[in-house]
Amino acid sequence: MPPTRRPTVPTTPTTRGGRLPPHGVLQVDWPFFGELCRALALRIFREYDPELVVGIAKAGVIPGAVVASILQRDFASIAITREASGARPTVIAGPPRIVTGKRVLIVDETCDTGDTMKLALAAVRDLKPAAVKTAVSFRTGDYKPDFYALETENFIILPWDREIIVGGEIVMRPDYAEKLRELAE
């Protein structure tokens, strides 16, 4: 009897939560971003009527302000650190007290594990809103916000932080440049 071969399973590196790493790049330009915000605002309008939109600083403030403007609602922000070193995010500037008794929508640009969104939700809930829901431009992981414009596993390059100042010069953000180099190889 010939020896049996055990099937080999290719190993693929994964990110947090066991997800596969991004397999492509989604380069978002301003017109596409505008369309995403309009679609997101329309979805929210049809299912929820927030009185106040709270954007998570830094990047969530941009889609949050646009969605608030389209919905003709007041806008505020909450600042949460996002440490690259893997440390848990922390609230550095909480939501305004005006959330008390209001229907609130919390907006961020992306949502992967949900750690940032959960922290923002807890901070808003501490102030006793009438209701609170969540929205993101891009759902990129297992956490499911109440609303999202697009679901993708791609690495996302956003128009507002594509270029940054490094050493006094405006350059492409290093992680964006690295990802584009990887894909070109």
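The values are calculated or read from the model by the stated rules, or taken from the named source; none is laboratory data. Note that the structure is predicted; figures quoted are calculated from it, not measured. Glycine gets a Cβ as well: all are built from the backbone with ideal geometry, and neighbour counts include every protein chain shown.
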May I ask you to say which residue of ILE92, ILE44 is surrounded by fewer than 13 Cβ atoms within 10 Å (Cβ to Cβ) and either among the β-branched types (Val, Ile, Thr) or assigned to a loop (DSSP other than H, G, I, E, B) (or both)?
ILE92
Residue set THR100, THR134, THR152; condition among the β-branched types (Val, Ile, Thr) and in contact with a Ser or Thr (Cβ under 9 Å, 6 or more places away or on another chain); output residue THR152
Using the structure shown, decide if ILE106 is assigned to a strand (DSSP E or B), among the aliphatic types (A, V, I, L, M) and modelled with pLDDT of 95 or more.
yes
Looking only at segment 83-114, how many residues end up being of a type outside the set (A, V, I, L, M, F, W, C), under 15 Å from ALA59 (Cα atoms) and in contact with a Pro (Cβ under 6 Å, 6 or more places away or on another chain)?
1
Which condition number in (1) crowded, with 17+ Cβ neighbours inside 10 Å; (2) under 23 Å from GLU47 (Cβ atoms); (3) out of contact with any helix residue (DSSP H, G or I) (no Cβ under 8 Å at 6 or more places or on another chain); (4) not acidic (Asp, Glu) is the one that VAL107 fails?
(3)
Return yes or no: is TYR148 assigned to a helix (DSSP H, G or I), of a type in the set (Phe, Trp, Tyr) and out of contact with any Pro (no Cβ under 7 Å at 6 or more places or on another chain)?
no
LEU127 crowded, with 18+ Cβ neighbours inside 10 Å, touching a Gly at 6+ places or on another chain (Cβ under 9 Å), outside any helix (DSSP H, G or I) and touching a residue at least 24 places away in the same chain (Cβ under 8 Å)
no
Listed by first then second residue, the pairs whose first member lies in segment 165-185 and is under 11 Å from VAL25 (Cα atoms) and of a type in the set (Phe, Trp, Tyr), whose partner is in a strand (DSSP E or B) and modelled with pLDDT of 90 or more, with beta carbons under 7 Å and at least 6 positions apart or on separate chains, are TYR176/ILE157
Look through THR152, THR100, THR90, THR81 and report the one residue that is closer than 27 Å to GLY34 by Cβ and of a type in the set (S, T, N, Q).
THR152
